[in-house]
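Presented below is the structure to which this report refers.
The values are calculated or read from the model by the stated rules, or taken from the named source; none is laboratory data. In this text the structure is predicted, and so the values were computed from the model without any measurement. Here Cβ is always computed from backbone atoms with ideal geometry, including for glycine, and neighbour counts include all displayed protein chains.
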Amino acid sequence: MTRKKFLAGNWKMQKNRAEASEFFQSFTRILGNLSDVTRVVDIAFGVPATLFDVSVKCAMGSGVKILAQNVHFEKQGAFTGELSAGMLVDASLAGSIIGHSERRQYFAENDEAVGKKWNALALAGLLPVVCVGETKAEREHGKTNDIVTTQFEAALSQVSTEAKGKEFVVAYEPVWAIGTGLTATPEQAEDVHKMIRGLLAKHFGKERAEVTRILYGGSMNAANCAELLQKPNIDGGLVGGASLKPEDFSKMVQAAQNFH
């Protein structure tokens, strides 16, 4: 079966409101009618909280989804600086990236917390983009599959039966290939994606595994996008640096359209 390709930009801690508005204007100018494009390729942007309103407004009617980059798993309470899934719904967001390696590395986010966030998002009707991936040392020691399996299964253990029934996306992001300019070869990436597909089949059944999308998140760009997307288990990308430039990200979307 053919899974609809999905390109999700992750802007991280970058862009002000004027820059975001300018980006969407340029992006639309290059690609034309975005609602036609999003019928073929799913497009999303994970933006900072200060850009929720302007991004949602710019994307309105286009089919482009706006995501948060993090969420808290509690519905409300004394959690200074945090945002709940309900707040994301109220801001008209479509979902959130969770478990990104930078959250794990700099903010001590663990697998259980990722699972609780997955649960909260799913129950709120939002799309969880669940990130997993190994460090350079872990890959060199042959631990890639073990690390990714542990991260996924530990997170999944926190997800309720009801939440498991909702759509989610997995993003495989080899930590050693984020912001380094290094990229897993298409074959290396495909190997891990295939392993993740097997994990999905184990926990959700073969049919569900076949429709769940797995994105590659390790320095995907306009130059290597098509080569990665042609692999059978790579359904799109979680894109960092290349998503900041409308010209580059547009080229990636155009490449993804060829796989429709």
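Which condition number in (1) under 15 Å from residue 30 (Cα atoms); (2) in contact (Cβ under 8 Å) with a residue 12 or more places away in the chain is the one that residue 245 fails?
The failed condition is (2).
Give segment 24-63 a look and list any residue that's touching a helix residue (DSSP H, G or I) at 6+ places or on another chain (Cβ under 6 Å), of a type outside the set (A, V, I, L, M, F, W, C) and not in a helix (DSSP H, G or I), or say none.
Once the filter is applied, which keeps residues that are touching a helix residue (DSSP H, G or I) at 6+ places or on another chain (Cβ under 6 Å), of a type outside the set (A, V, I, L, M, F, W, C) and not in a helix (DSSP H, G or I), segment 24-63 yields 62, 63.
Quick check on segment 186-200. Is at least one of its residues under 15 Å from the mean Cα position of the chain (by Cα) and within 28 Å of residue 16 (Cβ to Cβ)?
no
On the basis of being buried (at least 19 other Cβ atoms within 10 Å of the Cβ) and either farther than 20 Å from residue 245 by Cβ or in contact (Cβ under 8 Å) with a residue 60 or more places away in the chain (or both), does residue 186 make the cut?
So residue 186 fails the test.
In the set 179, 237, which member is closer than 19 Å to residue 45 by Cα, surrounded by fewer than 17 Cβ atoms within 10 Å (Cβ to Cβ) and in contact (Cβ under 8 Å) with a residue 24 or more places away in the chain?
It is 179.
In segment 104-163, which residues are among the hydroxyl-bearing types (Ser, Thr, Tyr) and assigned to a loop (DSSP other than H, G, I, E, B)?
Passing the criteria: 135, 157, 160.
From the list 129, 169, 64, 71, which one is within 16 Å of the chain's Cα centre (by Cα), of a type outside the set (S, T, N, Q), buried (at least 22 other Cβ atoms within 10 Å of the Cβ) and farther than 22 Å from residue 236 by Cα?
After ruling out the rest, the residue left standing is 71.
When segment 1-23 is examined, which residues are found to be outside any strand (DSSP E or B), at pLDDT 95 or above and polar (S, T, N, Q)?
Across segment 1-23, the qualifying residues are 14, 16, 21.
Since residue 223 meets every condition but one in (1) in contact (Cβ under 8 Å) with a residue 12 or more places away in the chain; (2) out of contact with any Asp or Glu (no Cβ under 8 Å at 6 or more places or on another chain); (3) of a type in the set (A, V, I, L, M, F, W, C), which condition does it not meet?
(1)
From 96, 92, grab the single residue that is under 23 Å from residue 165 (Cα atoms), hydroxyl-bearing (Ser, Thr, Tyr) and buried (at least 22 other Cβ atoms within 10 Å of the Cβ).
Answer to the check: 96.
Return the total of residues in segment 226-251 being within 17 Å of residue 181 (Cα to Cα) and within 17 Å of the chain's Cα centre (by Cα).
Qualifying residue count, segment 226-251: 10.
Being outside any helix (DSSP H, G or I) and without any contact (Cβ under 8 Å) to a residue 60 or more places away in the chain is the filter here, so list the residues in segment 164-176 that pass it.
Hits for segment 164-176 are 165, 166, 167, 168, 170, 172, 174.
Go over the candidates 122, 113 one by one and state the one that is surrounded by fewer than 21 Cβ atoms within 10 Å (Cβ to Cβ) and at pLDDT 95 or above.
113
Quick one: residue 18 ticks every box in (1) under 30 Å from residue 112 (Cα atoms); (2) loosely packed, with under 13 Cβ neighbours inside 10 Å; (3) not charged (D, E, K, R) bar one, so which box is it?
(1)
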